[in-house]
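Chemist: Take this structure, written in structure tokens, and hold onto it; I'll ask about it next.
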Amino acid sequence: MDRLQSMQTFVRVVETGNFSVVAREQSSTQSAVSKQVAALERHLGTKLLTRTTRALSLTQDGMQYFEEARRLVAEVSEAESRLRSGEQKLTGWLRVAASVGYGLRVLMPRIDEFMRAHPAVKIDFKLDDGFVDLVAQGIDVAARIGELHDSTLVARRIGYAHRAVLASRDYLKRLPAGLSPPRIPDDLRAHNCVVYTELNARNVWDFEMPDGSNVRVPVEGNLRTNSSEVVRAAGLAGMGICYSPTWLFSGELARGQMQVLLPEWPISPLPINLVSPEQRRHSAKVKMFADFMAQNLEANTPTVSRV
């Protein structure tokens, strides 16, 4: 039995609560993962997990062993990473998470550059516009847009998401008689707006006043979505007005295909942070990745067409 591998497997089974998830991570089978845990239990002479058809739970011995095993596994990983980073050669898997639009349009080109600089590193890139539990899913580092609420995560600010109210030229050309492009936020009530449901406020769009106060406008439309890529597709198709980060349409803004509405009504930018679980704080791969992204993700506000 490879004791370290069995410990790593046991830790991930507890973190995910699922044998099949760990099997996919290891490109293995659920049976093989179960056998590793069973072998570890035989070696220790005690039962670590109680398994039912619905859930896994730790025994008393399992709870005590899990904390020690997780610490030891992290220490071994960091010792290897520090040694390799000392040689300026990072190796192995780095699990990265981000929202779909930001991951595709901002991170992916930089990840390509990072992997060229560190060819022995392999990236497991998870894109999801919903909440991702970093520990449960074994994520090393994630990009999060917006204010952070989880105080257990180690965070590094890498920039801001600058937002605007956007519409395509086609949408503006097809406005019905008597309806003009919005000139003040309240005019949005009369327009078809694409609602992104992953925003905390959903269909309430916020604008800043010069005196620091906010204007909040409830909007409606015939399309709601939890996908930033659907927001992008709908905006480009002229299906409605979008309230989104400018990087989602950077090329189209530069070409004038998408236009910024209400430019004199600014929207608060959202902070962008790279976050990691506490146990990954000293990871050489995480540090190198964060350093690389911080250096390469400079504020990039595209040239935009306004109405």
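Chemist: List every residue pair whose Cβ atoms sit under 8 Å apart, with the two residues 6 or more apart in sequence or on different chains, where the first one lies in segment 111-130 and is touching a residue at least 24 places away in the same chain (Cβ under 8 Å) and of a type in the set (Asp, Glu) and the second, anywhere, is crowded, with 16+ Cβ neighbours inside 10 Å and in a strand (DSSP E or B).
Modeler: Qualifying pairs under 8 Å: 124/94; 124/95; 124/96; 128/97.
Chemist: Also, quick follow-up: Mind checking which pairs have a first residue in segment 140-154 that is among the hydrophobic types (A, V, I, L, M, F, W, C) and a second that is part of a loop (DSSP other than H, G, I, E, B), Cβ under 6 Å, 6 or more apart or different chains?
Modeler: These pairs meet every condition: 142/134; 154/281.
Chemist: In segment 284-299, is there at least one residue being closer than 24 Å to residue 129 by Cα, modelled with pLDDT under 90, touching a His at 6+ places or on another chain (Cβ under 8 Å) and not in a helix (DSSP H, G or I)?
Modeler: Yes, the conditions are met somewhere in segment 284-299.
Chemist: Is there a residue in segment 12-20 that is of a type outside the set (Asp, Glu), out of contact with any helix residue (DSSP H, G or I) (no Cβ under 7 Å at 6 or more places or on another chain) and in contact (Cβ under 8 Å) with a residue 24 or more places away in the chain?
Modeler: yes
Chemist: For segment 191-266, list the strands (runs of 3 or more DSSP E) that sit wholly inside it and hold at least 1 residues that are more than 23 Å from the chain's Cα centre (by Cα) and under 19 Å from residue 180 (Cβ atoms); which are they?
Modeler: By residue number, 204-208, 214-218, 258-261.
Chemist: Can you go through 110, 156, 95 and tell me which one is buried (at least 18 other Cβ atoms within 10 Å of the Cβ), among the basic types (Lys, Arg), modelled with pLDDT of 85 or more and not in a loop (DSSP other than H, G, I, E, B)?
Modeler: Only one candidate qualifies: 95.
The values are calculated or read from the model by the stated rules, or taken from the named source; none is laboratory data. These numbers come from a predicted model, not from an experiment. Cβ sites come from the backbone with ideal geometry, for glycine too, and all protein chains shown count toward neighbours.
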